[in-house]
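The values are calculated or read from the model by the stated rules, or taken from the named source; none is laboratory data. Nothing here was measured: the structure is a model prediction, and the numbers come from that model. For neighbour counting, all protein chains shown are included, and Cβ atoms are generated from backbone atoms with ideal geometry for every residue, glycine included.
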Amino acid sequence: MATQLESQGQLSEFLEILSRRKWQILLPAAIVLSIGVALAVIIPKRYLVRTQVEIRPVSVAASSKEGDNAPYQIRARERIKRVLQEEKNADYLALASQAQFEFVTDVQDDIKVRLDKPPGGQGVFVNVEYIHSDVQWAVTFLKALREDWIQAVLERDQRKVQDEAERLRTELSSLEREYRNEESELSDLMRRKNISATQPIPGGEDQRTEDPVYDRLLKNQTLLDEGERTLAQLEERRKSLEERLREVPEKLSEQAVIEGVSNTEELQALDAQILEKERELARYLPANTRYKKLQQEIRELEDQREQLKRQTTKSALTSVARANPLRGQIQERIDLTAMEIAQVAATNQQLRTAIERDSGNVDELYPVYREIRERGEKIKRLQVTLEGASKRYQEKLEQARILASPSSDPFVINEEVFPPLKPTEPNPWLIMAFALVAGLALGLVSALTAEFSRNCFRSVQDISRVLVAPVLGNVQAIVTRSEARRRGLRRFAVALTTLVVVGSLSWVAWAWAESPEALSPDLRQRIEQFRDLFR
């Protein structure tokens, strides 16, 4: 009895496909891996060098504030150009202007600057990194770039202080000339007017008094001011007494009181009753009968209150007239005040006459004294300004001296530039691993595509899954000699091509690493052009 063939699982079928097409997977993997090995050898090795500079806070230097600007200053194009020119970089100097611009841009991209500010600290740590294919050039360039930045900052600080000191020196010289000119002009003025150098100036508030006319003028002016104030006070007193006199009556009368009739208690009782009725009235509406009765009772109580008010009489007074003695006393004080006013007015008039006489004498020298006083005050102000400018100038000189000393250098090299033992990039093992994975993936994709892209039955299992009738057996494919010969030739051609490609790539990678002169100049040039893409 015939039996149906057992169907094969999908995993077994997939593994059978991979086994049948293993060379279609391995050959692309070998080619891509050889390409990866060649790239790992040909791609230029790049070395990362780094340095760290600490910026300490120094009181006399403005450099302690340079930390925030360090990423921009260190990577400045002009600084990079200057360092490249000073270090005589052959690659840079051999380029044209536009190419030099692009070269500087590439170098700028390879420089990384990072700032570290410790919490609670006042210093700033500047970390500078540079990556390049030539490790010695990377070390030389990074050192030169760091020193150029540090030197530029220090020179800028010193130049700033020197400029400020020079400006203060110019200002100090100008003030000294002005001070000497003012003293010379003051001496000439006093000499022309025959005024002693020790004679105090009127109004100058000096301790000694050598001008009695001016002293008398000041004294009389003070006395006149006091007399005017006294006169005003006396006038005010007289006016007050006269108003009081007008208010005091000429006659006084003695009064007798006649008692009247008072109904206060009865009125208060009626008011209380009226208030009580009004409160009760507020609880009813006008339509209520009680409302009208209450209104009538309130009117009767108010009539009684009016009658009691008419019966009330006030107390009566009777008076007897006599002369008021207070008016005589007030009039006597008014007369005495008038006499004092006359005396003070006469004294003030005498003082005015004396002041006018002395003012005429002082006015002749007053413009001279005023000019002398103004010049003296100006000389005092110039002296104070001159002392301040001299002090600031000395402070700037001291600051410049401190900046020139090593103790004021805020920069500390915490990490020197050293060449690394291994290149930073590329990672050859990573490149080869990626190439192997990419080659296997490419071979797997090509094998599966070739297997599943055919529109036919690939195996007995495909037929058994489609047909209703059971499949009892299968006949292996019959290969003729000519077909076998053509299949062998195809496989040989593919294998030979693969060996040639893999061998060529391997030999080029070996020759480039061990003996570049074995390669042709054109090939070396093309490889260098390819390497430039990764620099």
key: Unmet criterion (only one of (1) at pLDDT 75 or above; (2) surrounded by 13 or more Cβ atoms within 10 Å (Cβ to Cβ)) for LYS239   = (2)
note = Only one of (1) in contact with a Leu (Cβ under 8 Å, 6 or more places away or on another chain); (2) at pLDDT below 75; (3) closer than 25 Å to ARG169 by Cα does not apply to THR424, and that is (3)
task = Filter the helices (runs of 4 or more DSSP H) completely within the range 72-166 down to those with at least 3 residues that are within 36 Å of the chain's Cα centre (by Cα) and farther than 30 Å from GLU395 by Cβ.
result = 77-86, 97-110
Candidates ALA389, ALA321, ALA342 - the one that is over 30 Å from ARG180 (Cα atoms), modelled with pLDDT of 80 or more and either assigned to a strand (DSSP E or B) or aliphatic (A, V, I, L, M) (or both) = ALA342
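Does ALA152 satisfy being closer than 25 Å to ILE55 by Cβ and out of contact with any helix residue (DSSP H, G or I) (no Cβ under 7 Å at 6 or more places or on another chain)?
The answer is yes for ALA152.
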ask   = What are the residues in the range 131-161 that are closer than 15 Å to LYS422 by Cα and hydroxyl-bearing (Ser, Thr, Tyr), if any?
value = SER133
query = Can you name the residue in the range 6-56 that is part of a loop (DSSP other than H, G, I, E, B) and farther than 30 Å from ASP109 by Cα and, of all such residues, is modelled with the highest pLDDT?
reply = ARG21
key: Residues satisfying the stated conditions in the range 117-157, i.e. free of Cβ contacts under 8 Å to residues at least 40 places away in the same chain and under 12 Å from PRO71 (Cα atoms)   = none
